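**Q** Have a look at this one before I ask anything.
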Amino acid sequence: MPKIPQNVRGARFTGWGTALGHKTVTNHDLSLTIDTNDEWIRERTGIHRRHIGGSTAELSVASGRDALAMAGIAPEQIDALVLATTTPDRTVPATSATVQNLLGLRCGAFDVNAACSGFVYALVNAHGLIAMGAEKVLVIGTDTLARITDWQDRNTAVLFADGSGAAVLEHTQGPGQLLGWDLDADGSAEDILFCDIGGNIQMDGKEVFRRAVRIMVDSAQKSMAHAGVQASDISLIVPHQANIRIISAACERLEIPMEKAAIVIDNTGNTSSASIPLALFDAADKGRLAPGDLVLLVGFGAGMTAASAVLEWGTQ
Ligand code: ACO
């Protein structure tokens, strides 16, 4: 991937919001209907509970509205909406069109489907729009995986859930927050994780696990190299929340201590495109980030895709 050119129009987050599915489902709840148990799910995945319910548009509107309120800007000031989702409400039109209308935006809107790497793909695209002259872009990552999960399949039912995270990205004078980025895909691996139209998610969990660690590490290293930073410079790593053991193995290989990882998987499960913004903004809301901190976002997902970005934290 190319390095970011010098003097490009930069951007920073000025507001964010998050939303989770309306209904909480604990591991114990799942054990009443499928052959699983709380101890196995906690130990093998790190998940304690998850939240399901709501459409992709509903959750996107909830997180998007909060992001606009925090940024203190009116819907009509947004120049573009980029919605990362692998679970659109309809095949046509894009769910971003529905969200654009419900939020009262008056701008172009499009969906990005890069599975669990989606938010980072969308964020890099949003920075590109600002480099091309846009002033304010709304970036949302939302997935409603509950709707494509077979709740009788213990291989997948224990993992997936619904959520959304949104951010307002605004043009800033001076250097922007994005220091380095990487977007990858390997379509030859599509059969290890897929969902046919009208079907449920099918997954070779062991193979996904094995590849996930490798491609996360590879992508993160590329982004850090492009940003000109070392792993020891990173204050917070925000990995895709798929499995705590994948996160821990990736951190170990990157030589970033787990204490520097943003973790929400215990409460959210795997929310695909929403998982990185949910973890990032949870850390921000808890005061874990100070201006100037370097943040490494790194995701992987069906495709198989991978995506990472190094950000310098600091609102305008
Ligand atoms: N509850 C209880 N026992 C279970 C369950 C369950 N839900 N699932 C499997 N087991 C049993 C198995 O039958 C096996 O029993 P055995 O030893 O008697 O044969 C044992 O537990 C171990 O099974 P494994 O499949 O080896 O379990 P593993 O440790 O690999 O964990 C898991 C499975 C959690 C799916 C893991 O492989 C994983 O997380 N893979 C990555 C999945 C992922 O990240 N997917 C999302 C990608 S992102 C996207 O784009 C949506």
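**Q** Quick one: TRP40, TRP181, fewest Cβ neighbours within 10 Å first, how do they rank? Could the numbers behind the result be given before it?
**A** Numbers: TRP40 14, TRP181 26.
Ascending number of Cβ neighbours within 10 Å: TRP40, TRP181.
**Q** Moving on. Of the beta bridges DSSP finds with both residues in the stretch 10-172, what % are antiparallel, to the nearest 5?
**A** Here the share of antiparallel DSSP bridges comes out near 70 percent.
**Q** I've got another one for you. Starting from the Cα-Cα distance between PHE110 and ASP218, subtract it from 0.36 nm times their residue separation and give me the gain in nm to one decimal.
**A** Full-extension gain reported as 36.0 nm.
**Q** A follow-up question, please. Before rounding to the nearest 500, sum -39500 (n - 2.57) across all DSSP H runs of length at least 4 in the chain and divide by the residue total; then give [θ] at 222 nm in deg cm²/dmol.
**A** For the chain, the value works out to -10000 deg cm²/dmol.
**Q** Would you mind checking the pairs LYS23/LYS222; LYS23/LYS136; LYS206/LYS286; LYS23/LYS286; LYS206/LYS260 and listing those with alpha carbons more than 29 angstrom apart? If you can, show how the numbers build up before the last one.
**A** Working: LYS23/LYS222 39 Å; LYS23/LYS136 33 Å; LYS206/LYS286 34 Å; LYS23/LYS286 24 Å; LYS206/LYS260 26 Å.
Those over the limit are LYS23/LYS222; LYS23/LYS136; LYS206/LYS286.
**Q** Another question, then. What is the Rg over Rh value, at two decimals, for the stretch 178-312, using alpha-carbon atoms and the Kirkwood definition of Rh?
**A** 0.97
**Q** Suppose each label sits 7 Å from its Cα in the direction of the beta carbon; what would the ASN101-ARG42 distance come out to in nanometres?
**A** 4.6 nm
**Q** Quick check: residue separation of ALA69 and ASP266 times 0.36 nm, minus the Cα distance between them. What number comes out in nm? Could you put the intermediate results ahead of the total?
**A** Details: separation 197, 0.36 × 197 = 70.92 nm, distance 2.78 nm.
Full extension of this stretch gives 68.1 nm more.
**Q** Using the eigenvalues of the Cα gyration tensor, what equivalent ellipsoid semi-axes result for the stretch 86-136 when each is taken as the square root of five times the eigenvalue, whole Å, largest first?
**A** Working: eigenvalues 74, 55, 10 Å².
Equivalent ellipsoid semi-axes, largest first: 19, 17, 7 Å.
**Q** Residue-wise, which Karplus ³J(HN,Hα) couplings in Hz belong to the stretch 287-300, taking 6.51 cos²θ - 1.76 cosθ + 1.60, θ = phi - 60°, and x for glycine or proline?
**A** Once θ is set to phi - 60°, the couplings for the stretch 287-300 become x, 7, 10, 10, x, x, 4, 9, 10, 10, 8, 8, x, 8 Hz.
**Q** I'd like the distance between the alpha-carbon centres of the stretch 289-316 and the stretch 146-166, rounded to an integer number of Å.
**A** With the stretch 289-316 and the stretch 146-166 each reduced to a Cα centre, they are spaced 24 Å.
**Q** Listing THR149, THR268, THR91 from the residue with the fewest other Cβ atoms within 10 Å to the one with the most, what is the order?
**A** Fewest-to-most Cβ neighbours within 10 Å comes out as THR91, THR149, THR268.
**Q** For VAL92 and ASP29, what is the calculated FRET efficiency with R₀ set at 45 Å and r taken between the beta-carbons, to the nearest 0.05? Numbers along the way, then the final one.
**A** Working: r = 35 Å, r/R0 = 0.77.
Approximately 0.80, to the nearest 0.05.
**Q** Same structure, new question: Tell me the Kirkwood hydrodynamic radius of the stretch 10-172 in angstroms, computed as one over the mean inverse distance between distinct C-alpha pairs.
**A** Working: mean 1/r = 0.0612 Å⁻¹.
With all distinct Cα pairs of the stretch 10-172 included, I get 16.3 Å.
**Q** Give the Rg (one decimal place) followed by the Dmax (whole number) of the chain, computed from C-alpha coordinates and expressed in Å.
**A** 18.1, 58
**Q** Give the percent of DSSP beta bridges with both residues in the chain that are antiparallel, rounded to the nearest 5. Numbers along the way, then the final one.
**A** Working: 40 of 57 bridges.
Taking every DSSP beta bridge with both residues in the chain, the antiparallel ones total about 70 percent.
**Q** Let me check the size of the stretch 153-241 from its C-alpha atoms; what are the radius of gyration and Dmax in Å?
**A** That works out to 17.1, 51 Å for Rg and Dmax.
**Q** Follow-up question, since we're still on this one. Check GLY15: other-chain or 5+ apart residues with amide H under 5 Å from its amide H, H built from backbone geometry?
**A** Amide H neighbours of GLY15, under 5 Å, 5+ apart: VAL168.
**Q** Also, quick follow-up: Just rank LEU178, LEU297, fewest to most, by other beta-carbon atoms within 10 angstrom.
**A** Lowest count first: LEU178, LEU297.
No value in this document is a laboratory result; all are computed from the given coordinates. Here the structure is a predicted model, which means the values were calculated and not measured. Note that each Cβ is placed from the backbone with ideal geometry, even for glycine, and that neighbours are counted across all protein chains shown.
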